[in-house]
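J.: Sharing a structure here in structure tokens format.
Here, each number is a calculation from the coordinates, and none is a lab measurement. What you are looking at is a predicted structure, and each value in this text was computed from that prediction instead of being measured. In this analysis, Cβ positions are derived from the backbone assuming ideal geometry, glycine residues included, and neighbour counts consider all displayed protein chains.
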Amino acid sequence: MFENVLILSASAGAGHVRAAQALEKAFVQRGAARKVRHVDTLDYTNVVFRRLYSEAYLEMVNSAPEVLGWLYDYLDQPWKNEGRRLALDRLNTRPFIKLIEQYQPEITVCTHFLPAEIISWLTAKERLASPQAIVVTDLDIHAMWLCHHYERYFVALAETRAHMARLGVPAEKVIVSGIPIDPVFSEAKDKVEMRRKHGLKPDHTTIMLSAGGFGSDSIENILSSLLELRHEAQVVAISGRNEELRQKLISLVACYPNKTRVDVKVVGYTTEMDEYMSASDLMLGKPGGLTTSEALAKGLVFVIVNPIPGQEERNADHLLEEGVAIRCNNLPALAYKIDSLLDNEPRLATMRENVRRLARPHAAGDIVTQLLKLKSEARGL
């Protein structure tokens with residue numbers, strides 16, 4: 001058992017925080033630490049830097065994704081300009097550095113590259129003696145995740161491990177664990193029972209639409225196309241905390257003609273995402289690392305729509321290559337592509353089998369187990 005675990009994330013997108021929360025929950029459920037603390041690194045930086053990392057990132061996702069993709073590729077040059085980047089990050093994270101030095105955790109677990117870089121630097125300067133574990137939250141790895149001082153990397157795919165070995169990371173320090181998700185997603189829940197619980201038809205193909213990642217115009221086009229499906233189906237459209245989007249979805253559905261064979265249920269913020277996924281057959285959305293991992297854990301075939309250039313494009317490539325997803329870049333053809341998949345039961349069955357092979361529903365717990373093993377090895381037990 002650990003005495004003191006510090007889990008470090010950064011709220012640049014929700015995935016890094018959700019991964020950290022999953023690990024925190026896994027530590028507690030397994031009784032693996034006397035004290036576990038999760039810290040959002042950006043809470044201990046200055047206002048301008050915090051905005052650059054969080055708000056500016058989201059603004060770029062929504063308004064200039066092509067620029068984000070260019071920046072992602074430009075910065076993906078291993079070990080290049082790391083000194084200048086570290087100097088900038090150190091300058092803007094002084095409160096965070098002070099927190100780490102005062103806290104002196106027994107081990108740090110980072111789900112974002114920003115705290116991982118700072119921890120590595122503190123270790124190099126002998127200002128911190130804690131081992132560091134780094135949990136990569138996408139299927140691919142970007143150069144920003146690379147640092148010099150760590151005990152373990154946890155990654156999603158064997159290919160990522162091989163890639164890192166070619167970059168000089170010792171293979172024995174990289175564990176293919178999957179991306180950590182809330183342990184609730186590993187719980188088996190009956191599909192028909194979940195449909196009935198949430199007011200869905202028990203015998204209809206059910207599509208979960210993660211609506212929060214799309215702009216208003218895209219959502220309108222997506223729903224317009226889905227309502228043209230030949231198959232009887234129902235769509236669970238999740239708008240999250242965006243109340244304006246929820247109302248827009250409700251209004252859009254109300255305006256469509258009654259002759260469609262598709263029902264739409266609009267859901268706002270919910271703590272029952274695992275149950276809605278358990279009720280579904282397909283997941284339609286953008287392939288972020290956490291959303292993808294949750295959907296795979298629940299056995300869902302993915303329908304990828306217009307992934308953001310950069311990490312989502314790379315995640316999409318992996319999902320297509322693994323045979324667990326289809327992709328639609330032209331929304332007027334969305335219904336056609338889904339109908340074609342539903343018409344081809346052998347293909348759909350193969351994709352579901354691929355999903356079961358690729359899914360890592362116990363990743364959070366597996367990472368905790370590996371960290372306990374690391375602790376035992378360090379003590380010579």
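J.: Comparing G15, G31, G168, which has the greatest mean-square fluctuation in the GNM of the chain with Cα pairs linked when under 10 Å apart?
T.: Maximum among the listed residues: G168.
J.: Separate question: Output the relative contact order of the range 222-371, whole-number percent, from Cα pairs under 8 angstrom with separation of 6+ residues.
T.: For the range 222-371, the relative contact order is 24 percent.
J.: In addition: What Kirkwood Rh does the range 240-349 have if only Cα atoms enter the pairwise 1/r average? Answer in Å.
T.: Over the range 240-349, the inverse of the mean reciprocal pair distance is 15.4 Å.
J.: Where q = 0.19, 0.20 Å⁻¹, what log10 of I(q)/I(0) comes from the Debye formula for the range 1-109, counting one point per Cα?
T.: Here the Debye-derived log intensity ratios amount to -1.11, -1.16.
J.: Once you have the Cα-Cα distance between W79 and D343, take 0.36 nm times their residue separation minus that, and quote the gain in nm to one decimal.
T.: Fully extending the segment from W79 to D343 adds 90.2 nm.
J.: At what distance in angstrom do the alpha carbon centres of the range 113-151 and the range 327-371 lie from each other?
T.: 31 Å
J.: Additional query: Out of the range 203-305, which trypsin sites (Lys or Arg not before Pro) are coil in DSSP terms and have no more than 12 other C-beta atoms within 10 Å?
T.: Answer by residue number: R241, K259.
J.: Could you pull the Cα extents of the chain along its three principal axes, largest to smallest, in whole Å?
T.: 69, 43, 36
J.: Note down the relative contact order for the range 144-239 as a percent, whole number, built from C-alpha pairs under 8 angstrom at least six residues apart.
T.: 23 percent
J.: How large is ³J(HN,Hα), in whole Hz, for each residue of the range 218-225 in order, when computed from phi with the Karplus curve 6.51 cos²θ - 1.76 cosθ + 1.60 and θ = phi - 60°, using x for Gly and Pro?
T.: My calculation for the range 218-225 gives 5, 4, 4, 5, 5, 5, 4, 6 Hz in order.
J.: Springs between alpha-carbon atoms under 10 Å, Gaussian network over the chain: tell me which of L122, L42, L99 tops the mean-square fluctuations.
T.: The residue that fluctuates most here is L99.
J.: Still on this structure: Taking springs between alpha-carbon atoms closer than 10 angstrom, which of R34, R18, R314 fluctuates most in the Gaussian network model of the chain?
T.: Among R34, R18, R314, the largest GNM mean-square fluctuation belongs to R34.
J.: Need the full-extension length gain, L86 to T271, defined as separation in residues times 0.36 nm minus the C-alpha distance. One decimal, nm.
T.: Additional length available on full extension: 62.9 nm.
J.: Spin-label point model (7 Å from Cα, Cβ direction): what's the A162 to L372 distance in nm?
T.: That separation, rounded to one decimal, is 3.2 nm.
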